[in-house]
Amino acid sequence: MTTMTTPVSLSDADSFVPRHIGPTDADVQAMLELLGYDALDELQRDWGVTASSVHQHVEEPNTVLVLRYFATVAQAQGFLTNRELEMAMRRAGVEGEPRVEIYA
């Protein structure tokens with residue numbers, strides 16, 4: 001498999017404009033209050049998430065990769081069928097159907 005990438009210059013690192021990914025802190029707090037949680041970590045833990053990370057595509061800032069880790073495949077599948085997740089993604093600005101893959 002061949003992967004093509006575009007080199008990124010780090011010489012302009014000081015002029016990098018921060019990008020917004022996801023909801024604001026106020027949006028997250030409002031969602032947590034609506035769902036009855038004090039912290040996002042608590043919410044994710046209750047949904048079975050053991051670790052997570054968010055990554056933004058270098059050339060397409062609206063393309064993000066969200067990784068969530070679970071102890072079991074069943075927990076991952078349960079997380080994906082949670083109606084609250086669907087609503088949270090819509091509020092966060094997700095458009096169309098997200099591509100979802102589960103790996104064991």
Being among the polar types (S, T, N, Q) and in contact (Cβ under 8 Å) with a residue 24 or more places away in the chain is the filter here, so list the residues in the range 45-57 that pass it. Gln56
Which one is surrounded by the most Cβ atoms within 10 Å (Cβ to Cβ), of the residues in the range 58-71 that are touching a residue at least 12 places away in the same chain (Cβ under 8 Å) and more than 10 Å from the chain's Cα centre (by Cα)? Phe70
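Every number here is computed from the coordinates shown, using simple stated rules; none is lab data. Model, not experiment: these values are computed from the prediction. Heads up, the Cβs are rebuilt from the backbone with ideal geometry, glycines too, and the neighbour counts pull from every protein chain shown.
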